[in-house]
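The values are calculated or read from the model by the stated rules, or taken from the named source; none is laboratory data. Predicted model, so just to flag it, every value in this text is computed and none were measured. Counting neighbours? That spans all protein chains shown, and the Cβs are built from the backbone with ideal geometry, glycine included.
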Amino acid sequence: MTELSIIQKTYDLIKYYVPIIERFPKVHKFTVGDRIINQLYNLLEGLIKAKYAKEKLDNLTNLNVQLDILRHQTRLLLDFELISLKRYEYVSKQIDGIGVELGGWIKNQRQRE
């Protein structure tokens, strides 16, 4: 796992996901939609910051929590019928891939401490 790989995957997820969310009806776009978009951007920003941080573990652990929140928010979109099952499965797979890399990065950092 390289830090660049997880950052690129997160970047690609944003590129795919944000245009979908921006087409939501106003009532959802400005509530759950904005929260998800902010969560995505915060995740990308946090990963970039963690890449350069001397003490990475706390940052990575917090990012893991953010990723879990994003998983649940995405599931809400499916439950609210705002995204199709196909899109939900694709986004969930991308989030899971990011989670696997993040988990590996956390494990690597724990071994260093």
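Structure above, values below:
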item	result
Residue that is nearest to LEU82 (Cα to Cα) [pool: residues in the stretch 22-43 that are buried (at least 18 other Cβ atoms within 10 Å of the Cβ) and either acidic (Asp, Glu) or within 14 Å of the chain's Cα centre (by Cα) (or both)]	GLY33
Some residue of the stretch 28-39 being within 26 Å of GLY104 (Cα to Cα) and touching a Lys or Arg at 6+ places or on another chain (Cβ under 7 Å)	no
Any chance GLU113 is in contact with a helix residue (DSSP H, G or I) (Cβ under 9 Å, 6 or more places away or on another chain) and of a type in the set (Asp, Glu)	yes
Condition broken by ARG35, with the remaining ones in (1) modelled with pLDDT of 95 or more; (2) out of contact with any helix residue (DSSP H, G or I) (no Cβ under 7 Å at 6 or more places or on another chain); (3) more than 25 Å from ARG112 (Cα to Cα); (4) charged (D, E, K, R) satisfied	(2)
Per-region count, the stretch 61-87, residues touching a residue at least 60 places away in the same chain (Cβ under 8 Å) and in a helix (DSSP H, G or I)	1
Tally of residues being hydrophobic (A, V, I, L, M, F, W, C), surrounded by 12 or more Cβ atoms within 10 Å (Cβ to Cβ) and farther than 23 Å from ILE48 by Cβ across the stretch 81-113	2
